[in-house]
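A.B. asks: Okay, handing you the structure first.
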Amino acid sequence: MPLQILDGETPATPPWGSILLDLYLLAEWDTPHPSHLTESPSDRRRRLPYCALADSPPTPTEAQIAEILLPFRPEALRPYAEYTGSLGEGLWLRLCYDEDKEEAHESLWSTNEDYDFVGPDGVILDDKTIFGGLDLAAAVELFPERITNNGVNVQLREKILREMLSDIEEDTGSGEEDYSDEVKEMLARLRAPVIANPLLKYSRYHAACVVTHVFVEDEEALDV
């Protein structure tokens, strides 16, 4: 799979200097690390994104784009840096591309299609040329925008909790005696996972409490 929005169009590539990470890199690039005055450019790119954002500097020059911004990460990732529509839908990050685990990858992805670990507006980062061989820390260095402190909608959480508790209370099976055997079997299949794991009854509330999430497809995930 390419880099993509699962069921949507690729966002427009933002202009150079408009992404918050661009602004911070440009503002802090000439500030040396207090403990490492001979810090290399590659080390500086790894360090700077984890610090607080600075005020906006002027529009970057061609030299700044070429020497500071372009080397930071592949340009193909830039359209997704400002894409906030996916915060509630999550992100799928594939890190393991071992040939002998391709079947496990296909099986795991088919599970997402059934259970929506990453929803229709979620970002799919699946590109061996970018993420192959990286661990999670190195991948986050390329895409620090996904580490977010955005606020949460408390009212939505409370609404979903009330609806969920009401659904649980009403799901008694009353009135189902006259259903056909086919419908009864379907309902039994739907309820089986909840019977096996009662905590699944609260999954909607749990999902509402999550600001965003990343589903990491690494070697460990494929070995399960």
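A.B. asks: Excluding residues on the same chain fewer than 8 positions from Lys201, give the lysines whose Cα lies under 24 Å from its Cα.
C.D. replies: Answer for Lys201, where 24 Å is the Cα cut-off: Lys159, Lys184, listed by chain and number.
A.B. asks: Another one. How far apart, in nm, are two points set 7 Å out from the Cα along the Cα-to-Cβ line at Glu170 and at Asp98?
C.D. replies: 4.8
A.B. asks: Sticking with this one: Take the alpha carbon gyration tensor of segment 156-224, find the square roots of its eigenvalues, order them as a ≥ b ≥ c, and report rounded if a/c is under 1.5; if not, report prolate when a/b exceeds b/c, else oblate. Intermediate values should be presented prior to the final figure.
C.D. replies: On the way: a/c = 3.48, a/b = 1.43, b/c = 2.43.
Here segment 156-224 falls in the oblate category.
A.B. asks: In whole percent, what relative contact order does segment 83-224 give with Cα contacts below 8 Å and a gap of six or more residues? If you can, show how the numbers build up before the last one.
C.D. replies: Values: 116 pairs, mean separation 65.9, N = 142.
Averaging sequence separation for qualifying contacts and normalising by length gives 46 percent for segment 83-224.
A.B. asks: Under the rule of at least 5 residues apart or a separate chain, name every residue whose amide H is placed under 5 Å from the amide H of Phe215.
C.D. replies: Residues meeting the criterion, in which the H sits 1.01 Å from N, are Leu91, Trp92, Leu93.
A.B. asks: What nm distance separates the two modelled labels at Glu182 and Thr31, each placed 7 Å from Cα along Cα→Cβ?
C.D. replies: 6.7
A.B. asks: In nm, to one decimal, how far is the Arg157 label point from the Phe215 one, both placed 7 Å along Cα→Cβ?
C.D. replies: Between Arg157 and Phe215, the simple spin-label model gives 2.3 nm.
Each value in this text was obtained by applying a stated rule to the coordinates, not by laboratory testing. Please read these numbers as outputs of a predicted model, since none were measured by experiment. When we count neighbours, we look across all protein chains shown, and the Cβ atoms used for this are built from the backbone with ideal geometry, even at glycine.
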